[in-house]
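Structure first, commentary second.
The values are calculated or read from the model by the stated rules, or taken from the named source; none is laboratory data. Just so we're clear, the structure is a prediction, and the values are computed from it rather than from any experiment. When we count neighbours, we look across all protein chains shown, and the Cβ atoms used for this are built from the backbone with ideal geometry, even at glycine.
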Amino acid sequence: MKKIECIIKPFKLEEVKDALNDLEIQGMTVSEVKGFGRQKGHTELYRGSEYVVDFLPKVKLEVVLKDSMVEKAVETIVSSAKTGNIGDGKIFVTSIDECIRIRTGEKGESAI
Amino acid sequence: MMTFILLNGATAFAAEKAPLSLEANAKAIEAVQKNADFVWTLMAAFLVFFMQAGFAMVEAGFTRAKNAINILLKNLMDFGMGAIAFWAVGFGLMFGATKTGFFGTSDFFLASLNGGADPWGLAFWMFQVVFAAVAATIVSGAVAERTKFVAYLFYSIIITAFIYPVFGSWAWGSLYHGGGWLEALGFIDFAGSTVVHSVGGWAALAGAIVLGPRLGKYGKGGESIPIPGHNMPLAALGVFILWFGWYGFNPGSTTTASMDIAGIAVNTTLAGAAGAVMAMITAWFKFKKPDVGMSLNGALAGLVGITAGCANVTPLSSIIIGLIAGFIVVIAVVFIDRIRIDDPVGAIAVHGVCGAWGTFAAGLFNIGGTSLTILGVQLAGIGAAFAWSFTVSLIMFKLIDMTIGMRVSPEEEMQGLDFGEHGTNAYPDFQITTIRT
């Protein structure tokens, strides 16, 4: 089992979600995060004084899936989340040791 | 006249017993006018009361969420404690009979009005108490986010019981039982650019100076670091409410139901509008973008600016007064910040500085013509207000600081006054708590 953790631009979430649903992914978790990579922050103005906002709003999407689906899922995320501009985000893939369904107690791939 | 008497005669016949005479008619007309005076003055008082909501929203919007409850409670207490302090002591000092022309010595605890001997006195008190509360609440914005709640309560009582009414007696005492040296000179301040706004503004200045700036407001090199307010929609709502209330503040100061109200309302409107526009343009030039906070301050500046002269200047003059106020307020906000006096909402610039401008403008743009004497008297009033309000407030704040302390601890300031002073949170839903439902 693998976990895909990706950081994407917030307005891309719907597109990525729909594309993953087409692949029959069973579910996902989304969090609102802030961060930066090479995309610089910006300055804002308040009553004549400037301040810097370094951390830009992003969305983190986490999906756990069977090893066999990872390649397709990554391809899908890349094509739906890309804009071509700096700040599009990153995808990380890690291994999952165990997965348990709370309602039934199932374990392993069938619990995903 | 004959028709009137005939018509009246007809109704008198129908009513059976009404006496038919010019005298009786005149009395009846007088009574209607008097009742209308009451209705108008009280409606205006209720409008000005609503300005408390305006101040609360402006101040909450321009400050951080972690201090929202503190701001709201300070505003509530400005009225709560202020109304009682004004009933007990303030009204008497301001409008009681006087020998000196410097303060009143009767009408404490509204003693003369208990038992309803003078219903007008009650209406007049109602109108005046809401003005006193406005002066008090002006300060709460300037001292926001770092003042001990108890210290603020002390201040609030002292300003409504003493600082505000004493100066008020100099300019407005004769409106009831008193009389003041300043009004005897011919001082023009119809609705209170100086009496209310400058008195509040200079007290705010004293408070901000004694308190010192918020933590993190000024950097190592003295540069101003923005601490953005947490809710611009609330701030804007507050300004609109204040503007609405101003239609009680200015036209209401006639305390009579007369046609004068129209012109005063027009002047008020035009000055506020001009102030907003000019502040927006000024800030646009200075900072390259139109700024909502400065524009909101500009509207208030225009309204403060016209408050003194709303009954003795033309509509065109009102626009000019508003334009200049809108310009001045932006410059003043920046200047006050530059000399490292931290005023989170711009109260000193809006109420103190523009109050002084409005008072001077009332002499300058006087419909009957201006003169050096007129301007001199206006300046005397402006100076006296500053000397009295700033000095007494400074002493008061210093004394409070030396006894119970004005300022919260740095740890408390960082965590937020809502938790430190009130043990609670304005937006508890945004936390994770142990509540299980």
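Per-residue answers, yes or no, for (1) surrounded by fewer than 22 Cβ atoms within 10 Å (Cβ to Cβ); (2) at pLDDT 95 or above; (3) under 21 Å from B:VAL134 (Cα atoms); (4) out of contact with any Gly (no Cβ under 7 Å at 6 or more places or on another chain):
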position: B:GLY222; (1), (2), (3), (4): yes, no, no, yes
position: B:ASN231; (1), (2), (3), (4): yes, yes, no, no
position: B:ASN250; (1), (2), (3), (4): no, yes, yes, yes
position: B:ALA257; (1), (2), (3), (4): yes, yes, no, yes
position: B:VAL266; (1), (2), (3), (4): yes, yes, no, yes
position: B:THR269; (1), (2), (3), (4): yes, yes, yes, yes
position: B:MET278; (1), (2), (3), (4): no, yes, no, no
position: B:CYS310; (1), (2), (3), (4): no, yes, yes, yes
position: B:LEU316; (1), (2), (3), (4): yes, yes, no, yes
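Name the residues in region A:31-61 that are surrounded by 15 or more Cβ atoms within 10 Å (Cβ to Cβ) and within 20 Å of the chain's Cα centre (by Cα), would you? First the steps, then the outcome.
To start, the set of residues in region A:31-61 that are surrounded by 15 or more Cβ atoms within 10 Å (Cβ to Cβ) comprises A:35, A:39, A:45-49, A:56, A:58-61.
Within region A:31-61, A:GLY35, A:GLN39, A:LEU56, A:LYS58, A:VAL59, A:LYS60, A:LEU61 qualify.
This table checks each residue for (1) within 14 Å of another protein chain (Cβ to nearest Cβ); (2) among the β-branched types (Val, Ile, Thr); (3) outside any helix (DSSP H, G or I); (4) under 30 Å from B:VAL345 (Cα atoms).
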position: A:ILE4; (1), (2), (3), (4): no, yes, yes, no
position: A:GLU14; (1), (2), (3), (4): no, no, no, no
position: A:ALA19; (1), (2), (3), (4): no, no, no, no
position: A:VAL33; (1), (2), (3), (4): no, yes, yes, no
position: A:GLN39; (1), (2), (3), (4): no, no, yes, no
position: A:PRO57; (1), (2), (3), (4): no, no, yes, yes
position: A:ASP97; (1), (2), (3), (4): no, no, yes, no
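Among the residues of region B:38-81, write down those that are of a type in the set (Lys, Arg) and more than 14 Å from B:VAL345 (Cβ to Cβ).
Passing the criteria: only B:LYS66.
Please go through region A:83-95 and pick out each residue that is within 12 Å of the chain's Cα centre (by Cα), surrounded by fewer than 16 Cβ atoms within 10 Å (Cβ to Cβ) and not hydrophobic (A, V, I, L, M, F, W, C).
Passing the criteria: only A:LYS90.
More than 14 Å from chain A (Cβ to nearest Cβ), out of contact with any strand residue (DSSP E or B) (no Cβ under 8 Å at 6 or more places or on another chain), assigned to a helix (DSSP H, G or I) and of a type in the set (A, V, I, L, M): is that true of B:ALA257 in this structure?
no
Of all residues in region B:64-109, count the ones that are among the charged types (D, E, K, R), at pLDDT 95 or above and touching a helix residue (DSSP H, G or I) at 6+ places or on another chain (Cβ under 7 Å).
Of the residues in region B:64-109, 3 are among the charged types (D, E, K, R), at pLDDT 95 or above and touching a helix residue (DSSP H, G or I) at 6+ places or on another chain (Cβ under 7 Å).
Considering each of B:GLY192, B:GLY141, B:GLY179, B:GLY216 in turn, give the residue that is over 25 Å from B:ALA44 (Cα atoms) and either free of Cβ contacts under 8 Å to residues at least 24 places away in the same chain or not aliphatic (A, V, I, L, M) (or both).
The unique qualifying residue is B:GLY216.
Return the residues of region B:303-323 that are assigned to a helix (DSSP H, G or I), within 14 Å of B:PHE365 (Cβ to Cβ) and either without any contact (Cβ under 8 Å) to a residue 12 or more places away in the chain or not polar (S, T, N, Q) (or both); say none if nothing qualifies.
Across region B:303-323, the qualifying residues are B:GLY305, B:ILE306, B:PRO315, B:LEU316, B:ILE319, B:ILE320, B:ILE321, B:GLY322, B:LEU323.
Can you name the residue in region B:282-299 that is touching a residue at least 40 places away in the same chain (Cβ under 8 Å) and within 20 Å of B:ILE321 (Cα to Cα) and is also surrounded by the fewest Cβ atoms within 10 Å (Cβ to Cβ) among such residues?
So the residue we want is B:THR282.
Only one of B:SER198, B:SER193 is of a type in the set (Ser, Thr, Tyr), away from every other protein chain (no Cβ under 14 Å) and within 21 Å of B:ILE395 (Cβ to Cβ); which? Even if it seems obvious, please write down each step before you answer.
Values: B:SER193 fails: within 21 Å of B:ILE395 (Cβ to Cβ).
The unique qualifying residue is B:SER198.
With respect to B:GLY326, determine if the residue is surrounded by 21 or more Cβ atoms within 10 Å (Cβ to Cβ), modelled with pLDDT of 95 or more and either within 11 Å of chain A (Cβ to nearest Cβ) or not in a loop (DSSP other than H, G, I, E, B) (or both).
yes
Out of B:ALA203, B:ALA273, B:ALA283, B:ALA279, I need the residue that is hydrophobic (A, V, I, L, M, F, W, C), under 20 Å from the mean Cα position of the chain (by Cα), in a helix (DSSP H, G or I) and more than 30 Å from B:LEU122 (Cβ to Cβ). Which one? Full working, then the answer.
On the way: B:ALA203 fails: more than 30 Å from B:LEU122 (Cβ to Cβ); B:ALA283 fails: under 20 Å from the mean Cα position of the chain (by Cα); B:ALA279 fails: under 20 Å from the mean Cα position of the chain (by Cα).
Selected residue: B:ALA273, the only one of B:ALA203, B:ALA273, B:ALA283, B:ALA279 that is hydrophobic (A, V, I, L, M, F, W, C), under 20 Å from the mean Cα position of the chain (by Cα), in a helix (DSSP H, G or I) and more than 30 Å from B:LEU122 (Cβ to Cβ).
Evaluate the following for A:VAL52: is it out of contact with any Pro (no Cβ under 8 Å at 6 or more places or on another chain), outside any loop (DSSP other than H, G, I, E, B) and under 30 Å from B:PHE62 (Cβ atoms)?
yes
From A:SER80, A:SER68, which residue is small (Gly, Ala, Ser), assigned to a helix (DSSP H, G or I) and either within 14 Å of chain B (Cβ to nearest Cβ) or in contact with a helix residue (DSSP H, G or I) (Cβ under 9 Å, 6 or more places away or on another chain) (or both)? Spell out how you get there, then give the answer.
Working: A:SER68 fails: either within 14 Å of chain B (Cβ to nearest Cβ) or in contact with a helix residue (DSSP H, G or I) (Cβ under 9 Å, 6 or more places away or on another chain) (or both).
Answer to the check: A:SER80.
Considering only residues that are within 13 Å of another protein chain (Cβ to nearest Cβ) and surrounded by fewer than 17 Cβ atoms within 10 Å (Cβ to Cβ), which ones fall in region B:201-217?
Scanning region B:201-217 gives a single hit, B:GLY216.
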